[in-house]
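Before any comments, here is the structure.
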Amino acid sequence: MELLQNANDWLIATFGDLGPLYAIGALGLVLVLLTLPSFLKKPADPMDKLKGTGGGARAAKADDPKGAKLRTKNKNAEKLDKFATFLEPQSAEEMSAARLKMMQAGYRSKNAVRIYHFIQFSLGIGMLLIGLLIAIISSANGEVETQQLLMMVLIPGFAGYYLPRYWVNRRLQQRQGEITNGFPDSLDMMLVCVEAGQSMDQAIIRVSKEIKQGYPALAEEYEIVAHEVKAGKDKTNVLKDMSERCGVPDIASFVTVMIQSASFGTSIADALRVFSEEMRDKRVMRAEEKANVLPTKLTLGTMMFTVPPLMIILIGPSVYQIYDTLSNATFF
């Protein structure tokens, strides 16, 4: 501690009151400059070397000018890939988990994870610089303690870094809530379509069109299922992918019921009828649960905003009368 105090005194004597802040900023800049080359350095991929030296690639380049244009676009995209090691998780498990989370939040772009980390990094650095500017202005206007200067710099940086994470989590919760609320209605529509003679694929397409205005997230998932089935993908894998994309337990149960119904050869209409009735009951139970929790949540507000005014109304006149009596009384 004595060494730090001596260093602090030397910085203040040499650079003025902002000496410790200048030292912290210089140290942070040095650390960033030292770590950036290791992050931006991307090892060469052996597959890229094979693609570049293959005879088939040279033949395609000579015979297909359109392909050459496409390869030029890929080269431009590869210039951005050198930041992938810095803006993306390095392990396959973390990358798949991050991509799944972005898909569940509704961001299906190929570069969604990279854009997310870029925004997180940019906001963190930007808010950190804003906090540093605020700290410099505050120090110029008057003496500020070192701890307060650090809080002025670090709090905006942390806020900017965690703001994208909060936004994605909030978006994920809202999307899952929308899917959960609209799923029983979609099952009822699907049951009507199946009992009317339509196939399961046609019923999914019709339901996606009907609920698009009320529940766009669920309609989007149904449209993806319909397009994947049309493309020839196995229906079991399509339903499992839908369950992973949504991340909702009701969708996972629906997928299990559909897979079992197709495996055992039972009627899809009967399975949908039983499952849709169960989902309706479950939605009623969720509404009753929220209604039962509401009085408990209102208790704190009732105590804060009702009891104090009531006590003032009931006890206030008595307190005032006692005070008036004591002030006018004569004691010997």
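Any read-out appearing in this document is the output of simple, stated calculations on the displayed coordinates, not a laboratory observation. Predicted, not measured: the structure shown is a model, and the values here were computed from it. Cβ atoms come from the backbone with ideal geometry, glycine included; neighbour counts cover every protein chain shown.
Quick rundown of the values:
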| quantity | calculated |
| --- | --- |
| Tail weight of P(r) past 25 Å, computed on alpha-carbon pairs of segment 175-289, percent | 13 percent |
| Under 5 Å, built H, 5+ apart or other chain: amide partners of residue 198 | none |
| Sorted by Cβ neighbour density within 10 Å, fewest at the top, the residues 118, 305, 183 | 305, 118, 183 |
| ³J(HN,Hα), Karplus 6.51/-1.76/1.60, whole Hz, each residue of segment 160-167, x for Gly, Pro | x, 6, 8, 4, x, 5, 5, 4 |
| From phi via Karplus (6.51, -1.76, 1.60), per-residue ³J(HN,Hα) for segment 220-234 in Hz, x at Gly/Pro | 5, 5, 5, 5, 5, 4, 4, 5, 5, 5, 5, 6, x, 6, 4 |
| For residue 279, net neighbour charge (Lys/Arg +1, Asp/Glu -1) across residues whose Cβ lies under 12 Å away | -1 |
| Estimated vicinal HN-Hα couplings, Hz - segment 318-328 in sequence order (Karplus 6.51, -1.76, 1.60; Gly, Pro = x) | 5, 5, 5, 5, 5, 5, 5, 5, 5, 6, 8 |
| Residues whose placed amide H lies under 5 Å from that of residue 88, excluding near-sequence neighbours | none |
| Protection proxy ranking, peptides 228-241, 98-111, average beta carbon neighbours within 10 Å, highest first | 98-111, 228-241 |
| Paramagnetic label zone (point 7 Å from Cα along Cα-to-C-beta, residue 264; backbone N under 11 Å) in segment 270-295 | 271 |
| Rg/Rh (Cα only; Kirkwood hydrodynamic radius) as it applies to segment 85-149 | 1.26 |
| Inter-part distance where segment 142-212 and segment 304-324 are each reduced to a Cα centre, Å | 48 Å |
| Residue order, fewest to most beta carbons within 10 Å, for 161, 116, 320 | 320, 161, 116 |
| All-pairs Cα distance distribution in segment 237-279, expressed in whole percent, bin size 10 Å | 30, 53, 17 |
